[in-house]
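Here is the structure we will look at, set down as structure tokens.
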Amino acid sequence: MNEEVKRNYLEIKSLLDLKEGSKPSDDYSLNLVDPINFQLNKFFYKTIGKNHKWIDRLSWSEEKWINYVSNKNISTYVFKFNDDLVGFFELIFHPEKNEIEIA
């Protein structure tokens, strides 16, 4: 069975192209996960990913998850509504290209 999967990309070539948005209410917060917590990355990947066909990390061992989140080029952020976790994203820095990927 084949299923079409669409990916979208955002490329910002100039900071002048950015437009300031309105600040969300104080009920929302965005925080860097520090110290790292591979269980949190794994939980979000499985929970959010099941609706988006994220399958490449499902077979990872705990050791592989720990190595992944321990990489100095990976940063994980969590989005909260009050104290409830409602989302996450990872920033992956590619030094050879001087680019940051959002995953």
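Annotations
- Residue tally, condition of a type in the set (A, V, I, L, M) and in contact (Cβ under 8 Å) with a residue 40 or more places away in the chain, over the stretch 11-52: 6
- Residue list for the stretch 75-89, filter: open to solvent by less than 90 Å² (accessible area, probe 1.4 Å) and in a strand (DSSP E or B): SER75, THR76, TYR77, VAL78, PHE79, LYS80, PHE81, LEU85, VAL86, GLY87, PHE88, PHE89
- Answer from ILE92, ILE100, ILE55 - the residue that is within 19 Å of ARG7 (Cα to Cα), without any contact (Cβ under 8 Å) to a residue 24 or more places away in the chain, among the aliphatic types (A, V, I, L, M) and part of a loop (DSSP other than H, G, I, E, B): ILE55
- Residue match in the stretch 19-35 (condition: of a type outside the set (Val, Ile, Thr), under 15 Å from TYR68 (Cα atoms) and part of a loop (DSSP other than H, G, I, E, B)): yes
- Qualifying residue in the stretch 67-74 (condition: assigned to a loop (DSSP other than H, G, I, E, B), open to solvent by less than 70 Å² (accessible area, probe 1.4 Å) and in contact (Cβ under 8 Å) with a residue 12 or more places away in the chain): yes
- Qualifying residue in the stretch 10-33 (condition: among the charged types (D, E, K, R), open to solvent by less than 90 Å² (accessible area, probe 1.4 Å) and within 15 Å of the chain's Cα centre (by Cα)): no
- Which numbered condition PHE44 fails, given (1) open to solvent by 70 Å² or more (accessible area, probe 1.4 Å); (2) closer than 19 Å to ARG7 by Cβ; (3) part of a helix (DSSP H, G or I): (1)
The values are calculated or read from the model by the stated rules, or taken from the named source; none is laboratory data. Predicted model, so just to flag it, every value in this text is computed and none were measured. All Cβ positions, even for glycine, are placed from backbone atoms using ideal geometry, and neighbour counts span all protein chains on display. Accessible surface is based on the protein model in full, side chains and every heavy atom, while ligands, DNA and RNA are left aside. Shrake-Rupley method; radii C 1.70, N 1.55, O 1.52, S 1.80 Å.
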